[in-house]
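Below: the structure, in structure tokens.
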Amino acid sequence: AQKVTQAQTEISVVEKEDVTLDCVYETRDTTYYLFWYKQPPSGELVFLIRRNSFDEQNEISGRYSWNFQKSTSSFNFTITASQVVDSAVYFCALRPSNDYKLSFGAGTTVTVGA
Amino acid sequence: SAVISQKPSRDICQRGTSLTIQCQVDSQVTMMFWYRQQPGQSLTLIATANQGSEATYESGFVIDKFPISRPNLTFSTLTVSNMSPEDSSIYLCSVVKSGGGYEQYFGPGTRLTVT
């Protein structure tokens, strides 16, 4: 069984602040993929990143960065210098490498105020 | 990436009726899925749409309630049958592209309200 936990329900910040979203997962699979998606108010789910379980290198893409730590089963996401357009619900998801069924966390609502 | 469209984008339906949602992809895809997102909740997988054969349903979802078709590699439909207010949700189509990098893309969703 797989489980993804996003303990933070809501986070509010002001513009230019950094915000870190936590994601902790449980799986019995030895190889798997982790994902982050953004869901703005429009409702569409936007793919942000996919990370293989055997690749623990941190990744940076513009103002976004991800910290994957297999030892603690965590895949945290940081938005640097947040902007109002970052306001959305962010989902962490997990699937085994031999399947395409995603298990989603409950999501974290990020609100960035001007 | 994949360009995915869904029709309708939203609808308001009366209880007891049925609604068919269409998902169209701009290129051939390996896998197609249907997810449900109830208000304020996370996404739950309904089923895997299999080309030319019956869909594979997750626990808690049955074919009589959510019949699914996938006649080819770029198109699928999900029907929500005999609707009740509890079916009010966003229904999302998801695809994995053929020969892709295992990214999974989602359509814009269909917002269904059942009164």
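Key figures
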item	result
Förster radius 25 Å - calculated FRET efficiency between B:Asn82 and B:Ser5, Cβ distance, rounded to 0.05	0.40
Area buried, chain A against chain B - accessible surface, total, 1.4 angstrom probe, square angstrom	1700
Threshold 40 Å² - residues in the range B:42-62 whose accessible area is reduced by that much or more when the chain is no longer isolated, probe 1.4 Å	B:Ser42, B:Leu43
Threshold 20 Å² - residues in the range A:39-88 whose accessible area is reduced by that much or more when the chain is no longer isolated, probe 1.4 Å	A:Gln39, A:Gly43, A:Glu44, A:Leu45, A:Phe47, A:Arg50
Square roots of 5 times each gyration tensor eigenvalue, C-alpha, the protein assembly as shown, largest first, Å	30, 21, 16
Threshold 40 Å², the range A:92-112 residues less accessible with all protein chains present than alone (1.4 Å probe)	A:Tyr100, A:Lys101, A:Leu102, A:Phe104
15 Å beta-carbon shell around B:Ser9, net charge (K/R +1, D/E -1)	+1
Residues of type lysines that A:Lys16 reaches as a straight line, Cα spacing below 28 Å, ignoring anything fewer than 8 places off in the same chain	A:Lys38
Separation between Cα centres of the range B:68-95 and the range A:48-85, rounded to whole Å	32
Added length on full extension, which subtracts the Cα-Cα distance from 0.36 nm per residue, A:Asp55 to A:Asp29	7.9 nm
Euclidean distance of C-alpha centroids, the range B:27-43 and the range A:1-42, integer Å	18
Within the accessible area of the protein assembly as shown (1.4 Å probe), percent carbon and sulfur	47
Rounded accessible area per residue of the range A:29-114, 1.4 Å, Å²	42
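The values are calculated or read from the model by the stated rules, or taken from the named source; none is laboratory data. Here the structure is a predicted model, which means the values were calculated and not measured. Every residue, glycine as well, gets a Cβ built from its backbone with ideal geometry; the counts of neighbours run over all protein chains shown. Accessible surface areas use protein heavy atoms only, side chains included; no ligands, DNA or RNA. Shrake-Rupley method; radii C 1.70, N 1.55, O 1.52, S 1.80 Å.
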